[in-house]
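Reading through the structure tokens given below for one structure.
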Amino acid sequence: MKVISSIQEWQAIRRSISPQKSIGFVPTMGNLHQGHASLLNKARNENDFCVLSVFINPTQFNDKNDFEKYPKTFEEDVKLASDCHVDFIFLPQANDIYHDNYLYQICESNISKLLEGKQRPGHFDGVLTVVMKLFNLVKPHRAYFGEKDYQQLLLIKGMVEAFFLNIDIVACPTVRLSSGLALSSRNNRLNEEQIDKSKLISQLLTSGLQHHEIRRQLETQGFEVEYVQEWQKRLFAAVKIGDVRLIDNVKIPDLISDIADKDL
Ligand code: PAF
């Protein structure tokens, strides 16, 4: 496994890879967990080369505090990547990625304004811009994204279609603890009591209860609820526990979704 932080060095390696060989790419912000491992294992199994990028992208954080607190766990990340048989870890520097001072951006004007986009203005512009830059550098055949960030996944699929990028976007199921809590880098910032409480999020999302009742129960348990909302036959929630923001979403079985539509 090779770790590369220079864009020029990576580009030279990329040019040396035969066009016959396929590249599977997993872009991340580090602080890797078993959810990332599932993406890396799939990328490893389906391609000749597996590339992981680790870049804490400043432009997608609308909260400076959140950016500064984002955990940096490089040694553990390298260990997980090596266990998943990654070939290359690409670690670009912010000055190199944003050599244009973020003057050029990718903006989507529909889906990116809902749910997460509404709560975090500018977030998806930052995500799409960095993913486009990384796609142009890595030039993967397939790229792997988790359904936990379902809105991000749809936006990246849409961007690939809109700009005729020849990349397969592979959706991977959310990995959960046995309690149901979706794995997230932010879980590391929760204490034991908060981890235990947070299992309620997925339990309520899959309960079939009406949205206002889910919200009420979460609030009773001390969560600050940003939204519980149905969209695209999935139920989404964003909550805060202490100063940690968590999101999750589940597919709504057809029957429940029809009932929920009528309730509205
Ligand atoms: O999902 C993430 O970790 C980030 O949004 C991504 C796709 C790596 C872009 O910075």
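The stretch between Met1 and Asn166, if pulled fully straight at 0.36 nm per residue, gains 56.8 nm over its current Cα-Cα span.
When the Gaussian network model of the chain links Cα atoms closer than 10 Å, the mean-square fluctuations of Leu190, Leu91, Leu40 top out at Leu190. To test your reading of the geometry: what angle, between 0 and 90 degrees and rounded to tens, separates the Cα axis of helix 211-220 from the longest principal axis of the chain? For helix 211-220, the angle is close to 90 degrees.
Exposure proxy shown here: for Asp87, Asp66, Asp243, the number of other Cβ atoms within 10 Å sets the order, fewest to most, as Asp243, Asp66, Asp87. Amide H contacts under 5 Å for Arg234: Ile252, restricted to partners 5 or more places along the chain or on a different chain, H placed in the peptide plane at 1.01 Å from N.
In this simple spin-label model, placing a label point 7 Å from the Cα along the Cα-to-Cβ direction at both Leu114 and Leu177 gives a separation of 3.0 nm. As a proxy for reagent exposure, ranking His33, His85 by other Cβ atoms within 10 Å from fewest up yields His85, His33. Checked against a 26 Å cut-off, the cross-linked pairs Lys133/Lys199; Lys42/Lys72; Lys69/Lys199; Lys42/Lys251 give Cα-Cα distances beyond that limit for Lys133/Lys199. Residue by residue, the stretch 50-56 carries 3J(HN,Hα) couplings of 10, 10, 10, 10, 10, 8, 7 Hz when phi is fed to the Karplus relation 6.51 cos²θ - 1.76 cosθ + 1.60 (θ = phi - 60°); x denotes Gly or Pro. Between Glu213 and Lys72, the FRET efficiency estimated from the beta carbon spacing at R0 = 35 angstrom works out to 0.35. Each of the trypsin sites (Lys or Arg not before Pro) that DSSP puts in a loop and that has at most 13 other Cβ atoms within 10 Å breaks the chain; the longest unbroken stretch is 73-264.
Rule-based calculations on the coordinates, nothing more; no lab input. Model, not experiment: these values are computed from the prediction. We place every Cβ from the backbone using ideal geometry, glycine too, and count neighbours over all the protein chains shown.
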